[in-house]
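A short worksheet on the structure shown next.
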Amino acid sequence: MGRVVLVTGAARHLGGQMVKALSRDPSVERVVGVDVVPPRRPVPASEFIRADIRNPVIGKVLQATEADTVVHMGVIATSVQAGGRASMKEINVIGTMQLLAACQKAPALRQLVVKSTSSVYGAGPRDPALFTEDMSPKHPPTSGWSKDSVEVEGFVRGFARRRPDVAVSILRLANFIGPKVETAMTEYFSLPLVPTVLGFDARMQFIHEDDGIEALRQATVQGEPGVFNIAGHGVLCLSQAVRRTGRPSISVPGVLLPALGRALAPARLVDFSKEQVRFLTYGRGIDTTRATQTLGFTAQHSTASAFADFLDGHGLGPSLAETVFDGADTTVRALSGGGHA
């Protein structure tokens, strides 16, 4: 008998891609997607059950499907997607608590894979060049999606202690980017005028949407427990990334960035929360050695090539003069030792 995998958040883009990837895997017999609304397009060779993970009914879904693996993709990154911060908190934190309570009582369960984020490391001036999975944040997040993700990981670790028979994998993914995925960062770089923090040039790492899904698929199929950083090779400075979009930019003091950002994008996914402003100020780097050595996963797209794919998919790009300037700047950074992660 093959495996039965239940995927939460299946109606959203990344959740749907995960369902599709698993439905093509020969080691998986059955894939069941769960969400509060049905997906726009049904995924062949998979099933969908309309259910809310905040409701105890999720326990009945687990029992009925006899799922031996749960892939939790149901954490929402922006309040716009959730319909407000209060709703976002409820979905992310309360939803995860209910899901784990259901998993606790599911005798068939043997594996739990959780899509987390590198934002749990926070962002600040005392951060290391690269965070490893064993490092604690120097500047822990205090609000928004980042704080929700810290709480979610805490609940997952508690579950792992209560169910030592279940292999628990947590993937801390860098910011998703690519031609189709819509995130706060893709919206930020698509603004007609991109605001940046005066006097700072944050280091950025991205994971291509295809690579992120592949990392989650590999973790699901292999059943390797642990915490894993996932990102594309290398970094981009924020100034380089903005130049490559071809968009004009404006540098303002950090305290003014939220107000300016909301004026530029009043109803979009762009998140100018306190944590996002800190990220745009200081950036973040993560070490992916453990994922390479333990999962055997290496992203096919570097940070730069993932960003280039995003630009192509959204019709963005610089002029020839900007391209030459940016290439020269990259060369100078590399020669001075500042161009490597």
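The values are calculated or read from the model by the stated rules, or taken from the named source; none is laboratory data. Since we're looking at a predicted model, the values are computed, not measured. With ideal geometry, Cβ positions are generated from the backbone for all residues, glycine too; neighbour counts draw on all protein chains shown.
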> How many residues does the range 225-280 hold that are free of Cβ contacts under 8 Å to residues at least 40 places away in the same chain and not basic (Lys, Arg)?
Replying inline: 7
> Taking only pairs six or more apart or across chains, which ones have beta-carbon atoms under 6 Å, a first residue in the range 126-154 that is over 24 Å from Thr78 (Cα atoms), and a second residue that is of a type in the set (Gly, Ala, Ser)?
Replying inline: Ala129/Gly285; Leu130/Gly285
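Within the range 43-51, does at least one residue satisfy the condition of being among the basic types (Lys, Arg), out of contact with any helix residue (DSSP H, G or I) (no Cβ under 7 Å at 6 or more places or on another chain), touching a residue at least 12 places away in the same chain (Cβ under 8 Å) and surrounded by fewer than 18 Cβ atoms within 10 Å (Cβ to Cβ)?
Yes: the range 43-51 contains one or more residues that are among the basic types (Lys, Arg), out of contact with any helix residue (DSSP H, G or I) (no Cβ under 7 Å at 6 or more places or on another chain), touching a residue at least 12 places away in the same chain (Cβ under 8 Å) and surrounded by fewer than 18 Cβ atoms within 10 Å (Cβ to Cβ).
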> Is it fair to say Pro39 is at pLDDT below 95 and either of a type in the set (Val, Ile, Thr) or over 22 Å from the mean Cα position of the chain (by Cα) (or both)?
Replying inline: no
>> Whether any residue in the range 71-93 is crowded, with 19+ Cβ neighbours inside 10 Å and more than 23 Å from the chain's Cα centre (by Cα) is what I want to check.
In response: no
>> If I ask for residues that are closer than 19 Å to Ala21 by Cβ and among the hydroxyl-bearing types (Ser, Thr, Tyr), which ones from the range 184-238 would you list?
In response: Thr220
> Does the range 247-270 include one or more residues that are touching an Asp or Glu at 6+ places or on another chain (Cβ under 9 Å) and either of a type in the set (S, T, N, Q) or more than 16 Å from Phe189 (Cβ to Cβ) (or both)?
Replying inline: no
> How many residues does the range 81-130 contain that are part of a helix (DSSP H, G or I), charged (D, E, K, R) and within 30 Å of Thr65 (Cβ to Cβ)?
Replying inline: 2
